[in-house]
Each structure stands twice: as C-alpha cells, then as structure tokens.
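The structure appears below as structure tokens.
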Amino acid sequence: MFPTERDGDVKIIDWQSYENGQGAYDLAYLIALHWFPERRRRYEEAVLDRYFGALVAGGVRGYSRDELSRDYRLAVAELLFLPAWQREAGLGAGIWFNHLERIFSAFEDLDCRALLREAARRG
C-alpha cells in the first residue's frame, strides 16, 4: 500500500492467506517453522519480547508475556500438522521435510509436550 502523503510510510500486506486469529500463531509460523534451530534459539525470545512490547505500546492490556509464551507454544504444537498437510497437498519434500524437522525441533526445545499434558489435565 502506498502512502497518500509524500513522506508517508509504505505498508506491505501479505494477502496469501488471512484469518482472524492469534498473533502468536503467525510468530510460530514465521519463527518455529521457518528458522533453523540455531537461528531460532538465538532470536526467538527477543522477537517475542519485541512483539509483546508492541502489543503493550498499542494499548493491549490484560495479556501477559507469559500468556504470549503459552500461546506461542500452543501454536508450535498446532503447526506439527502442517508438514503432513503440505506433503498431502503435493508440495515437494524440500518444503515439507524441512518444515517437519524445524517444527519438531521447536516442539522439543519449548517442551510443548508438557504444555499439552497440562492442558489435557485441565480438560
């Protein structure tokens, strides 16, 4: 989107897919699914901190940094299914297999299994 003012900012909008949902899912899609483990481990917390800071600066209240972390981990768990869908949709192994490796690495690093067990106990 181009600015109406000569000195305005250009906005980039990705219309490939859009839906109403949690921002933590988009973060997990970007970070956990696409970044190799070394990069993810190095930058993940800083990106989540910056995102949370932007939420607070934008007026979001009643949503803690811990809640963002929980939502991010749940999104990582949800993304475990995406590589299987990609394979069934006919995407090449160069896409879905790398996604599978990266998302499983994030799932393990973030101890998402424990989060899912806790959620199941709460019912």
- Check every one of the helices (runs of 4 or more DSSP H) wholly within region 15-123 and list those with 3 or more residues that are among the aliphatic types (A, V, I, L, M) and without any contact (Cβ under 8 Å) to a residue 60 or more places away in the chain. 23-31, 37-57, 65-78, 93-109, 112-122
- Pick from region 65-93, criterion of a type in the set (D, E, K, R) and under 20 Å from A46 (Cβ atoms), ranking: surrounded by the fewest Cβ atoms within 10 Å (Cβ to Cβ): D66
- Message: I'm checking my understanding of the structure. Among residues of region 94-110 that are modelled with pLDDT of 95 or more and among the small types (G, A, S), which one is surrounded by the fewest Cβ atoms within 10 Å (Cβ to Cβ)?
- Response: S105
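The values are calculated or read from the model by the stated rules, or taken from the named source; none is laboratory data. None of these values were measured; they are calculated from a predicted model. Because the Cβ atoms are built from the backbone with ideal geometry, glycine has one as well, and the counts that use them run over all protein chains shown.
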